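Novice: One structure is given below, represented as structure tokens, and several questions about it will come after.
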Amino acid sequence: MQKKLKTHLKNIELFFKGSSFYRGVVLTFAIVLPLILFNSLDLFQFAPAIALGTFLNAPSDVPGSLRRKINGILISIALTTLVTFIILITKPVFIVLVIAIAVLSFCISLISVFGFRASLISFSGLLAIVLGLAVEKPDITAIVLHIGLISLGGLWYLLFSLLSNWIFPRKDDDQLLSDTLQLTGKYLKIRAKLLTKPSKRVQLTEKALVIQTQISEKHETLRELLLEGRKRSGRSYSNERRLLIFISLIDIFELALANTLNYSKIDTLFGLEKKHLETFKKMNKEMGNHLINLSELLIKKGTLPEIKLLNKIFKKTETTILNYVSEITLPKAREGAITLRNLQSYQKQLLREVKTIRRVLSRVKSNSKVSLKTKDSKQFLTSQDYRFNILIQHFSLKSPMLRHALRIAIAILLGFILGSLLDLKNAYWILLTIIVIMRPNYGLTKERSKNRIIGTIIGALIATAIILVTKSTTVYMVLAVLSLTFAFSLIQQSYKIGAAFITIHIVFVYALIEPNAFSVIQYRVIDTLIGATIALASNYLLFPSWEYKNLDTVIVNVISSNTNYLNATKNLYHDKEANNLEYKLYRKEAFLAMSNLNAAFQRLTQDPKSKQKEAALIYNMVTLNHTILSAIASIGTYILNNKTSTPSEEFNTITNSISEALKHTASKLDNTKSKILLEDKVINQAHKKLQKRYDNLSQKRDLAIKAGQIEIDNKTLLNLQEAHLISNQLLWLKSLSANLTTAIVKYKSVFN
């Protein structure tokens, strides 16, 4: 009980010191300050429009480069001003207004094709439509004044945001690094469980895939923040520290991916008890906990957690290997011992990265400088294409974004007409609910609808209870401001709780304006229910975009990225220095492509059961692609972190054959021609020669043991590890690529 209370208090402290709460405070102040200032000057009639402009243009202020942030907010200001003007000018003529809403909704929704920040600008545009309907302006002079004040409010928010960013310049960086550290720690803990829990591997693998996607998304944002920041402001000590942590996190992620073991082989080698794996499991688990503890230090002050336990467990891994060899005896124990040695080597590298992060957090000045050149760092940034051509490419009903734009335009139009016909009070709340919860896929819309309704009801009940207890306008005012702050702070972390605070805020604002606050609560709940119903029905019935229909391109992209990654790994084996950058670039692309496939599969599982066609087959393809990525990463990581021998011709033959097999598999999905594959006979001969090298090394070691040389020298051990890993991973990759081809053929036969 005491431990749980301590954890809750710690989480509350982290929330109040985190960037989400800070962002909520900044936005609240930006909205409230003009109200207070203009009220004190007896010019309050101008204040609401400025506050509205502030609120409208805040959504695109998300973590990213300063240039993109400024450009995003300026574009948002231009869009919201134009949209508000069009809505207000067409309002007197109902049919013209209906046409304007339809055209604007469709065009604004299409802006989302240009990426995440563009989708937030699009949201601001849709929000401007809704809030434009809530405003009454009698003539052109009043309209021009109103849109002028909205623009002023947007510019005021931009200045206030830049000022707050200047006061706390690294708030977003630290929060993102902290979140990534925490996710990486959770990922390592899941990988620990995978080692010894065969009965739960399916569930654990699904969890791991979800966290992988989240980590990859965080990595992309951090690349933009840290590499763009470094390019803009040069090599500052604080930026170098954050970049060092980020690089270590990427290395940890790759190491963890690279250590995706052939679990069926692990089960065969170590049996069901797996007592010899417990120490390695504990090591992974404790490193995960350590990273989670370190993540908190980026948000709040504190001392570094003790490293003694990690060092103690790692020393125990050596004893575990020796005990295994002693119990099973050589040569029978060799394959298991080498597997444990590889696992130990992986954990040693992980521990080294954890210690690097510790040194950076302890502000040790002797940390090595980040050697990444500016021209190299640019290559790691994912550039967003803003050409008009991108928009043209989406003008097809095959495009999920075009279908979503049509869907949301019709839903908004339906909500507006229904609200007008029924003469509902504050009917624009219906439209607000639609644009807030409606997403391109059905599953997310359903989840947000549920959370929106529950949050609205919870907020309404809390507000009702408070209104019954007190009639104090001072209390209402304070709660309106506080609930606004918490709504902005929590909306991304928990949409349900955020929706509850939004409802509380709206109720108390109306309670300050008109005496009958209960009618506001009643209409708020009714309008939310109507809006959620329209959004959900539209997603299901209007141009539905079921995920299974959009998977081909995503899968082809993953297979192609893995092929490039494999070829880059082959080149790295030949020359580490010359091909290091190329390897890391293709690694990044492969990880991102896999993350996109993971996300697509998660969306598939959220679709209605009747639309989850061949979900088991698709999941099999996802896991096969993931395992292929992991096997390639395993070879690449070993090559990067160890002194290796000259690659053999057999290695080249097998990697080339796997590469061509993957291209052949991709061609079956995108209906393109591929090269003629090498004969199995040639590949089998190459693999036999590769296996023979390992067998020869094993025989030499057996002879040495018979001669009394029990202790193995480091060179022989490394040669055995390299031969074992390369031979086994390539054999595994060959098998995986064949299985993937079989799965793709079956997949095409089902969906064609």
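The values are calculated or read from the model by the stated rules, or taken from the named source; none is laboratory data. All of these numbers come straight from a predicted model, not from anything done at the bench. Cβ placement follows ideal geometry from the backbone for every residue including glycine, while neighbour counts extend to all protein chains displayed.
Novice: Mind telling me which of the residues 44, 15 ends up being outside the structural domain of residue 490 (by TED's automatic domain parsing), touching a residue at least 24 places away in the same chain (Cβ under 8 Å) and among the aromatic types (Phe, Trp, Tyr)?
Specialist: From the options 44, 15, the qualifying one is 15.
Novice: Next question, about the same structure. Would you mention how many residues in segment 403-428 are free of Cβ contacts under 8 Å to residues at least 24 places away in the same chain and either in the same structural domain as residue 134 (by TED's automatic domain parsing) or not in a helix (DSSP H, G or I) (or both)?
Specialist: Count: 1.
Novice: While we're here: Just a yes or no: is a residue in segment 454-475 in contact (Cβ under 8 Å) with a residue 60 or more places away in the chain, closer than 27 Å to residue 32 by Cα and surrounded by fewer than 20 Cβ atoms within 10 Å (Cβ to Cβ)?
Specialist: Within segment 454-475, one or more residues are in contact (Cβ under 8 Å) with a residue 60 or more places away in the chain, closer than 27 Å to residue 32 by Cα and surrounded by fewer than 20 Cβ atoms within 10 Å (Cβ to Cβ).
Novice: I would also like to ask the following. Quickly run through segment 125-156 and pick out the residues that are of a type in the set (Ser, Thr, Tyr) and either modelled with pLDDT under 90 or in contact with a Gly (Cβ under 7 Å, 6 or more places away or on another chain) (or both).
Specialist: 151
Novice: Going by what's in this entry, would residue 278 be described as closer than 20 Å to residue 205 by Cα and surrounded by fewer than 19 Cβ atoms within 10 Å (Cβ to Cβ)?
Specialist: Yes.
Novice: Could you list, in sequence order, the residues of segment 496-550 that are in a helix (DSSP H, G or I), aromatic (Phe, Trp, Tyr) and out of contact with any Gly (no Cβ under 8 Å at 6 or more places or on another chain)?
Specialist: If the condition is that a residue be in a helix (DSSP H, G or I), aromatic (Phe, Trp, Tyr) and out of contact with any Gly (no Cβ under 8 Å at 6 or more places or on another chain), then 508, 510, 518, 523, 540, 548 are the ones that fit.
Novice: Filter segment 656-676 down to the residues that are over 32 Å from the mean Cα position of the chain (by Cα) and outside any helix (DSSP H, G or I), then identify the one that is modelled with the lowest pLDDT.
Specialist: So in segment 656-676, the residues over 32 Å from the mean Cα position of the chain (by Cα) come out as 656-657, 673-676.
Remaining after also requiring outside any helix (DSSP H, G or I): 673-676.
Details: 673: 66, 674: 62, 675: 62, 676: 57.
The selected residue is 676.
Listed here are the residues, each with its yes/no results for (1) surrounded by fewer than 20 Cβ atoms within 10 Å (Cβ to Cβ); (2) touching a residue at least 60 places away in the same chain (Cβ under 8 Å); (3) more than 30 Å from the chain's Cα centre (by Cα); (4) assigned by TED's automatic domain parsing to the domain that holds residue 634.
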site: 289; (1), (2), (3), (4): yes, yes, no, no
site: 292; (1), (2), (3), (4): yes, yes, no, no
site: 297; (1), (2), (3), (4): yes, yes, no, no
site: 303; (1), (2), (3), (4): yes, no, no, no
site: 325; (1), (2), (3), (4): yes, no, yes, no
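Novice: Criterion first (surrounded by fewer than 17 Cβ atoms within 10 Å (Cβ to Cβ) and closer than 21 Å to residue 135 by Cβ) does residue 87 satisfy it?
Specialist: When the stated conditions are applied, residue 87 does not pass them.
Novice: Cβ-Cβ under 7 Å, sequence separation 6+ or interchain: first residue in segment 99-117 and among the basic types (Lys, Arg), partner buried (at least 21 other Cβ atoms within 10 Å of the Cβ). Which pairs?
Specialist: Pairs that qualify, where the first residue is among the basic types (Lys, Arg) and the partner is buried (at least 21 other Cβ atoms within 10 Å of the Cβ), are 117/60; 117/72.
Novice: Right, next: Just need a number here: residues in segment 293-309 that are farther than 16 Å from residue 182 by Cα and among the polar types (S, T, N, Q).
Specialist: The number of residues fulfilling the criteria is 1.
Novice: Here's something else I'd like to know. Which count do you get for residues in segment 1-20 that are polar (S, T, N, Q), within 22 Å of residue 486 (Cα to Cα) and exposed (fewer than 14 other Cβ atoms within 10 Å of the Cβ)?
Specialist: So the answer is 2.
Novice: Further, regarding this structure: List pairs: first residue in segment 486-499 and of a type in the set (Lys, Arg), second residue at pLDDT below 85 anywhere in the structure, Cβ distance under 8 angstrom, at least six positions apart or on different chains.
Specialist: Close Cβ pairs satisfying both conditions: none exist.
Novice: Need the failing condition index for residue 558 against (1) crowded, with 20+ Cβ neighbours inside 10 Å; (2) of a type outside the set (Phe, Trp, Tyr); (3) in a loop (DSSP other than H, G, I, E, B), just the number.
Specialist: (3)
Novice: Any idea which of (1) farther than 25 Å from residue 105 by Cβ; (2) under 25 Å from the mean Cα position of the chain (by Cα); (3) assigned to a helix (DSSP H, G or I) is the one residue 475 doesn't satisfy?
Specialist: (2)
Novice: Could I ask something else about it? Looking for whichever is closer than 30 Å to residue 625 by Cβ, modelled with pLDDT of 85 or more and either in contact with a Leu (Cβ under 6 Å, 6 or more places away or on another chain) or not assigned by TED's automatic domain parsing to the domain that holds residue 728 (or both) here; the options are 321, 313, 252, 266. Which one fits?
Specialist: 252 is the lone residue from the list that is closer than 30 Å to residue 625 by Cβ, modelled with pLDDT of 85 or more and either in contact with a Leu (Cβ under 6 Å, 6 or more places away or on another chain) or not assigned by TED's automatic domain parsing to the domain that holds residue 728 (or both).
Novice: Give the number of residues within segment 113-139 that are crowded, with 21+ Cβ neighbours inside 10 Å, of a type in the set (S, T, N, Q) and within 23 Å of residue 397 (Cα to Cα).
Specialist: Number satisfying all stated conditions: 1.
Novice: Something else now. Inside segment 99-198, counting only helices (runs of 4 or more DSSP H) that do not spill past its ends, which hold 1 or more residues that are closer than 30 Å to residue 354 by Cβ?
Specialist: 171-196
Novice: Does residue 693 count as buried (at least 17 other Cβ atoms within 10 Å of the Cβ), closer than 30 Å to residue 329 by Cα, of a type outside the set (S, T, N, Q) and modelled with pLDDT under 70?
Specialist: no
Novice: Follow-up. Which residue is modelled with the highest pLDDT, if the candidates are limited to segment 706-734 and must be exposed (fewer than 13 other Cβ atoms within 10 Å of the Cβ) and in a helix (DSSP H, G or I)?
Specialist: 715
Rundown of residues vs (1) farther than 30 Å from residue 64 by Cβ; (2) in a helix (DSSP H, G or I); (3) at pLDDT below 75; (4) of a type in the set (S, T, N, Q), yes/no style:
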| position | (1), (2), (3), (4) |
| --- | --- |
| 202 | yes, yes, no, no |
| 209 | no, yes, no, no |
| 213 | no, yes, no, yes |
| 241 | no, yes, no, no |
| 256 | no, yes, no, no |
| 279 | yes, yes, no, yes |
| 288 | no, yes, no, no |
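Novice: Here's another thing I want to ask about it. Specify the residue that is nearest to residue 150 (Cα to Cα); the eligible residues are those in segment 21-42 that are surrounded by fewer than 17 Cβ atoms within 10 Å (Cβ to Cβ) and polar (S, T, N, Q).
Specialist: Only one residue tops the list, namely 39.
Novice: Suppose the filter is at pLDDT below 85, out of contact with any strand residue (DSSP E or B) (no Cβ under 7 Å at 6 or more places or on another chain), closer than 24 Å to residue 101 by Cα and among the aromatic types (Phe, Trp, Tyr); does residue 495 pass it?
Specialist: So residue 495 fails the test.
Novice: Scan segment 515-535 and tell me whether some residue there is of a type in the set (Phe, Trp, Tyr), surrounded by fewer than 17 Cβ atoms within 10 Å (Cβ to Cβ), more than 18 Å from residue 455 (Cα to Cα) and touching a residue at least 40 places away in the same chain (Cβ under 8 Å).
Specialist: Within segment 515-535, none of the residues are of a type in the set (Phe, Trp, Tyr), surrounded by fewer than 17 Cβ atoms within 10 Å (Cβ to Cβ), more than 18 Å from residue 455 (Cα to Cα) and touching a residue at least 40 places away in the same chain (Cβ under 8 Å).
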